[in-house]
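The structure appears below as structure tokens.
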Amino acid sequence: MLRSQFEENNQELLCIQTDKVYDWVINEASFDLNVTGLEFPLDPATGIQLECTDILPETVTCVVEPDEVEPIFVADRQDQLFVIDDQEVTLQLVTIRKNFNVTLFVDTIPTLGGTAIEVGTVPFTRCEQVILCAPEGTDILVNLTDVSCFVCNVNCEPGTTTEMDEINATVTVRLCQSIQSTHEVTIEVVAEFCEPREALPLPPCPPPVIPAQCPVLFPSVNCPTSGMEKPACRSGKTVNNSRRETREKEQSASHGFKGKADVEPTITEVAAEKADPQPETLTTPLEATSPVKETEVSFEPVQEKGINEEPAQEHLESAQEKVIDEQAALSPEQLGYAQEKVNEDLPIIKYEKDPGEE
């Protein structure tokens, strides 16, 4: 194939160094191990030497692991002639030695806690033979894909006054292994170069987490939705009540009158002591945009001897201006609340002349 044909197909002639697999088999091996003379250890909880009466023999288990230093060793290979499909083939009989460790565990009796303790570890070596195409110079690779064991038989031998009790067990080991014969080679191939995949997008930033509120505690269901001060709302007193008390004190101090009433109104703070056949009428219109209707409030002039009517008239005008200013600052909900209170009852506040003015 010409180089131009490689380029059209996005391919290239490559020279690669790799391992060639000459032969490959999956082999299963099973064999028995006799574990004898394994002495009992000390009880880890009490520090007392364990005996046969301190364990449950039926709970003995095992764990098998390849040796950490030299798990596999190829001991020998011999050429042998075989006839396969009417053809003579020279193969190799390979002897493989496997080194591993077997550890036994046993449970103590319930009175000693019933915990599993390690009795001891015993090293073992087993050899097996396998037929491979593995000429001299090739490497034998053995990969243990599965290693397991189980205890087939167990007995406990009581010791003497000078010897400790011992445990004897027959352990069956099962191995699943992949066996290959390989050799390093340099080969020429026609192939395409690999390309990187697309990068995965990073997850977006999480939205901000708003801490949970405490609706049972705050905001209270008795508080209006707007125009309220938090301290007054929590104490059960509305801001309107606080404002009326403040106005009453300021106006009483400025005009020399003392106010007394059972209920304080919202938009009137002056009343007369005696009735007049023709009472004056004061109309206080609200803002044009407010849904509250205009309220008419009647004031009776003071006719008592020694009391001047002019200060009372100035007091009425001052009160009217303050009411209009306060109404302009209130929300529609608060105006509706104030109007309902005014329509229900307009109390009369009696004012007496301050003895200090005489």
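Quick one: is ASP139 loosely packed, with under 15 Cβ neighbours inside 10 Å, in contact with a strand residue (DSSP E or B) (Cβ under 7 Å, 6 or more places away or on another chain) and over 18 Å from LEU33 (Cα atoms)? Quick ask: steps written out before the conclusion?
Working: loosely packed, with under 15 Cβ neighbours inside 10 Å: yes; in contact with a strand residue (DSSP E or B) (Cβ under 7 Å, 6 or more places away or on another chain): yes; over 18 Å from LEU33 (Cα atoms): yes.
Criteria met by ASP139.
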Those residues of the range 50-98 which are of a type in the set (D, E, K, R) and closer than 29 Å to TYR22 by Cα amount to GLU65, ASP67, GLU68, GLU70, ASP76, ARG77, ASP79, ASP85, ASP86, GLU88, ARG97, LYS98
| task | Scan the range 75-84 and give yes if some residue there is assigned by TED's automatic domain parsing to the domain that holds THR115 and either of a type in the set (Lys, Arg) or over 30 Å from GLN180 (Cβ atoms) (or both), otherwise no. | result | yes
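The rows are residues; the columns are (1) loosely packed, with under 13 Cβ neighbours inside 10 Å; (2) under 26 Å from PRO57 (Cα atoms); (3) in contact with a Gly (Cβ under 8 Å, 6 or more places away or on another chain).
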site	(1), (2), (3)
ASP86	yes, no, no
ILE96	no, no, no
LEU104	no, yes, yes
PRO110	yes, yes, no
GLY114	yes, yes, no
VAL122	no, yes, no
ARG126	no, no, no
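The values are calculated or read from the model by the stated rules, or taken from the named source; none is laboratory data. All figures in this text were calculated on a predicted structure; none of them were measured in a lab. Neighbour counts are summed over all protein chains in view; Cβ atoms, including those assigned to glycine, are modelled from backbone coordinates with ideal geometry.
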